[in-house]
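Visitor: Here it is: the structure, laid out below.
Throughout, read-outs are computed from the coordinates displayed, never taken from laboratory work. As the structure is a computational prediction, the values presented were derived from the model and not from experiment. When we count neighbours, we look across all protein chains shown, and the Cβ atoms used for this are built from the backbone with ideal geometry, even at glycine.
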Amino acid sequence: GESVGLHLPTLSVQEGDNSIINCAYSNSASDYFIWYKQESGKGPQFIIDIRSNMDKRQGQRVTVLLNKTVKHLSLQIAATQPGDSAVYFCAGRNRDDKIIFGKGTRLHILP
Amino acid sequence: ETGVTQTPRHLVMGMTNKKSLKCEQHLGHNAMYWYKQSAKKPLELMFVYNFKEQTENNSVPSRFSPECPNSSHLFLHLHTLQPEDSALYLCASSQELAGGPGGDTQYFGPGTRLTVL
């Protein structure tokens with residue numbers, strides 16, 4: 001079946017460095033992708049989205065890159081801060097207009 | 001009160017108990033969702049409601065019974081649950097269903113941490 005998944009279950013990054021969280025998807029018909037952040041004790045919160053007619057989108061300290069050729073997207077967080085510590089999910093919309101979520105990568109910030 | 005709220009935040013129940021989870025959204029959205037979040041698994045969509053009508057039931061066991069009295073409120077009634085039902089239950093809402101205007105971004109509540117003994 002189709003899937004949206006993250007490459008690593010955990011990622012440790014030094015405070016101040018940039019973080020890159022990667023995600024792969026299987027359905028080439030997926031045309032919309034979302035990144036969510038879930039802090040401990042909270043529900044997932046929307047961070048940024050991107051449509052398939054774009055290959056890059058920037059927000060505040062975050063950038064999402066989409067490579068449709070290899071069906072891969074990434075979330076880049078600039079100058080990682082302690083408050084960025086969370087689980088990050090990618091999600092994609094499939095051809096049936098369903099949102100499929102990945103498992104999540106836990107981002108640890110090292111002092 | 002803003003966004004999506006859920007009560008209770010934590011619930012411990014025995015297998016013979018009956019309890020209900022409540023979700024309320026203050027965003028004026030038309031679609032609401034129940035998800036189950038277990039450790040090391042992707043979010044599992046359980047039910048979808050649109051304008052109070054159930055549009056999706058992802059083969060959820062009948063011991064989970066949803067209720068949507070209006071577009072702002074969603075309940076999940078629980079009875080005779082099993083220990084493997086222990087998880088974080090998340091409610092979400094969106095303006096419309098996925099694919100519609102504003103339908104692709106879901107706003108989540110904080111979840112109810114359920115433990116079944």
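Visitor: Taking every residue in B:99-110, how many Cβ atoms of other protein chains lie within 10 Å of its Cβ, on average?
Guide: For this peptide, the per-residue mean of nearby foreign Cβ atoms is 5.
Visitor: Averaged across the residues of B:89-98, what count of C-beta atoms belonging to other chains lies within 10 Å of each residue's C-beta? Show your work: numbers first, answer last.
Guide: Numbers: counts 0, 3, 1, 3, 0, 1, 0, 0, 3, 8.
The shielding value for this peptide is 2.
Visitor: Expressed as a whole percent, how much of the Cα-Cα distance distribution for the range B:27-117 exceeds 14 Å?
Guide: Tail of the P(r) past 14 Å holds 64 percent of the pairs.
Visitor: Describe numerically, in nm with one decimal, the distance between label points set 7 Å from Cα along Cα→Cβ at B:GLU96 and at A:ALA29.
Guide: 2.0 nm
Visitor: Compute the Cα gyration tensor for the range B:67-117, then decide on rounded, prolate or oblate, letting a ≥ b ≥ c be the square roots of its eigenvalues: rounded whenever a/c is under 1.5, prolate when a/b is larger than b/c in the other cases, and oblate in all that remain.
Guide: Judged from the Cα gyration tensor, the range B:67-117 comes out prolate (a/c at least 1.5, a/b above b/c).
Visitor: Report the Stokes-Einstein translational diffusion coefficient (µm² s⁻¹, integer) for the protein assembly as shown, Rh taken as the Kirkwood radius over Cα pairs, at 4 °C with viscosity 1.567 mPa s. Working shown, then result.
Guide: Working: Rh = 18.2 Å.
Answer from the Stokes-Einstein relation: 71 µm²/s.
Visitor: How large is the dipole of chain B about the Cα centre if only Lys and Arg carry +1 and Asp and Glu carry -1, each at its Cβ, rounded to the nearest 20 debye?
Guide: Computed about the Cα centre, the dipole is about 460 debye.
Visitor: Further question: What does the C-alpha gyration tensor say about the overall shape of the range A:37-111? Classify as rounded when a/c is under 1.5, otherwise prolate if a/b is larger than b/c, or oblate.
Guide: Cα axes put the range A:37-111 in the oblate bin.
Visitor: Using Cα-Cα distances under 8 Å and only pairs 6 or more residues apart, what relative contact order does chain A have, in percent?
Guide: 38 percent
Visitor: Among the listed pairs A:LYS37/A:LYS68; A:LYS56/B:LYS40; A:LYS56/B:LYS22, give every one whose C-alpha distance is greater than 27 Å.
Guide: Correct reply: A:LYS56/B:LYS40; A:LYS56/B:LYS22.
Visitor: Also, quick follow-up: Among A:HIS108, B:HIS29, B:SER72, whose Cα lies farthest out toward the positive end of the dipole of the protein assembly as shown, if unit charges sit on the beta carbon of Lys, Arg (+1) and Asp, Glu (-1)?
Guide: Projecting each Cα onto the dipole axis, the largest value belongs to A:HIS108.
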